[in-house]
1. Provide a single number: the residues in the range 306-350 that are assigned to a helix (DSSP H, G or I), more than 15 Å from the ligand (Cβ to nearest atom) and either within 26 Å of the chain's Cα centre (by Cα) or buried (at least 19 other Cβ atoms within 10 Å of the Cβ) (or both).
2. List pairs: first in the range 429-457 and under 14 Å from Leu472 (Cα atoms) and in contact (Cβ under 8 Å) with a residue 60 or more places away in the chain, second among the polar types (S, T, N, Q) and part of a helix (DSSP H, G or I), Cβ under 6 Å, 6+ apart or cross-chain?
3. Here are some residues: Val65, Val148, Val100. Which one is touching a strand residue (DSSP E or B) at 6+ places or on another chain (Cβ under 9 Å), outside any loop (DSSP other than H, G, I, E, B) and crowded, with 23+ Cβ neighbours inside 10 Å?
4. Counting only residues that are within 13 Å of the chain's Cα centre (by Cα) and closer than 18 Å to Ala202 by Cβ, how many does the range 141-172 have?
5. How about the range 449-469: which of its residues are touching a Gly at 6+ places or on another chain (Cβ under 8 Å), within 16 Å of the ligand (Cβ to nearest atom) and either closer than 23 Å to Ala270 by Cβ or polar (S, T, N, Q) (or both)?
6. Report, ordered by the first and then the second residue, all pairs with beta carbons closer than 6 Å, sequence separation of six or more or different chains, a first member in the range 163-191 that is at positive phi, and a second member that is surrounded by fewer than 24 Cβ atoms within 10 Å (Cβ to Cβ) and of a type in the set (Val, Ile, Thr).
7. Which of (1) buried (at least 24 other Cβ atoms within 10 Å of the Cβ); (2) within 16 Å of the ligand (Cβ to nearest atom) does Gly118 not meet, given it meets every other one?
8. Inside the range 14-36, can you point out the residues that are surrounded by 15 or more Cβ atoms within 10 Å (Cβ to Cβ), of a type in the set (D, E, K, R) and assigned to a loop (DSSP other than H, G, I, E, B)?
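The values are calculated or read from the model by the stated rules, or taken from the named source; none is laboratory data. Quantities reported herein were computed from a predicted structural model and do not represent experimental measurements. Note that we place each Cβ from the backbone using ideal geometry, even for glycine, and neighbour counts take in every protein chain shown.
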Amino acid sequence: MSYKQPASYTAYLKEWEDKISAFTELSPENPAPEGEADGAPLDLPASARSLIEGFPCAVKDNIAVRGMRLSCGSKLLSDLRSPYSATAVIKLQAAGASVVGKTNLDEFGMGSSTDNSGIQKTNNPWDTARVPGGSSGGSAAATAAGMVPFALGSDTGGSVRQPAAFCGVVGLKPTYGAVSRYGLVAYASSLEGIGVLADSAARARAVFAAIRGRDERDNTSRDAPAAAQPLFGAAGEGGKTAGVIGVLSPEAVAKAIAQAPSDGADAAKALEAAAAAAELESEVRRGFDAAREGFAALGYRLVDVEVPGLKYGVPAYYTIAAAEASANLARFDGIRYGRRPDWAENPDDLVDKTRDAGFGDEVKLRILLGTFVLRSGFQDRYYLRAQRIRAGIRAEFEALLGSSLYDGDAPPLDAILLPVFPTRAFDRGPSSLSPFAQKAADLYTCCANLAGLPALSFPASVEGGLPVGVQLLGRAFSEGKLLDMCAAWERVHPFPHPAGWKDLWS
Ligand code: GLN
């Protein structure tokens, strides 16, 4: 049966939006027109369909929805409206969801706070003086406030999981290629994908099931291999869950950093930043320990694991992400896209003026960094080295979890439990995290993107009035397993909500 919105919905939305500014465009009375659902009919069990059909949802404003804004959080694109919809959006609409708005983000997905948006600032629903995390901060905040039961985000280095952790919702970053990127404005194509923010494990599962699958418009998209555990059914939700969890603790990361050879000043600086970021704020530490104990109580066997390559994950991630961003963002030149200056001397001047006025500082920094690491004669020193680190990290995860392509053998571990981010949602005052510290803190999230593996974050506890998330990372196409584990947790530890939240969705 299709869900019907309560009459109070619009008022509830407005009340929250006035407080948190999660949306760059919001039109509950006039949702986006449905896209052309031309794909194969969705094969969704009734239980999953009933969690989508008739429900409103939100879409990060770097994912195309026909007729709606597509600002990417950038001044340069603030007037752009999309003439087409992303495949993931068309599939959600085919399953009966309606898109009520587009959500704020760090410009082009570059950031961890959503404060890098050129459009507006979004507040955390738990404490409006704090950031919602980023870059999918609008989607996470809107879901946490109960404005929508689920939203789409994108995750290049943690942008679904980290804001999910900051706002206290479920955040799923699928296996690379499991969801079509068609209609997602590219930031770093080899790392990113569309992900799900949701109010429960069951809803995240339903939404992922609706949007996944091979799409001829994205050649990197794939169906789950036949041998992968099904998302639904006997082995799926509600089935046996207990197994073996590898625990990647901050101590294991610190140990790898301490043992690393420090060859030169650059490496020493990278290791020092990694050491600072690996250490968890005491409240986050308590949440992580609660997760460890909670899973043990659920019957899981916990074993300590190490991923030594993680210590170089952040420099490798930012080298590759910036290199790809510098190429992907070249199209925003005021000619094909973008708001033009009133007057320019010549075409080059037009491009310069458009980009200078349109891009924010963080985007400019990354374009410069990207062109620097790719400049001729230096690729070996930065870009290719980063690719080698990436291959090494992927190999370390595969050694723990089994082959990247599902081979049907019983995997040594069901999943790896690790932190999401070293802090809870930070504020905007002097105790805020510096832009450099925010990047170093991507340590625990960016490795899933480097390895192309699925990872999920969910709220494990509330400490000092703010949610603390933890992360489960699994082998390729093991989303069903990660969601089973999250659901097992949720049955015993219902997810928390911020003050003022009303349950419109169950
Ligand atoms: N914080 C990371 C960055 O700024 C993650 C971004 C993302 O996943 N889009 O690149």
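1. Initially, the range 306-350 is screened for residues assigned to a helix (DSSP H, G or I), giving 308-331, 347-350.
Going one step further and asking which of them are more than 15 Å from the ligand (Cβ to nearest atom), we end up with 308-312, 327, 330-331, 347-350.
Checking which are either within 26 Å of the chain's Cα centre (by Cα) or buried (at least 19 other Cβ atoms within 10 Å of the Cβ) (or both) leaves us with 308-312, 327, 330-331.
Count: 8.
2. Cβ pairs passing all conditions: Thr445/Gln162.
3. Among Val65, Val148, Val100, only Val100 is touching a strand residue (DSSP E or B) at 6+ places or on another chain (Cβ under 9 Å), outside any loop (DSSP other than H, G, I, E, B) and crowded, with 23+ Cβ neighbours inside 10 Å.
4. The number of residues fulfilling the criteria is 8.
5. Once the filter is applied, which keeps residues that are touching a Gly at 6+ places or on another chain (Cβ under 8 Å), within 16 Å of the ligand (Cβ to nearest atom) and either closer than 23 Å to Ala270 by Cβ or polar (S, T, N, Q) (or both), the range 449-469 yields Asn449, Leu450, Gly452, Leu453, Ala455, Ser457.
6. Listed by first residue and then by second, the contacts come to Gly177/Thr220.
7. Of everything listed in (1) buried (at least 24 other Cβ atoms within 10 Å of the Cβ); (2) within 16 Å of the ligand (Cβ to nearest atom), Gly118 misses just condition (1).
8. Across the range 14-36, the qualifying residue is only Glu34.
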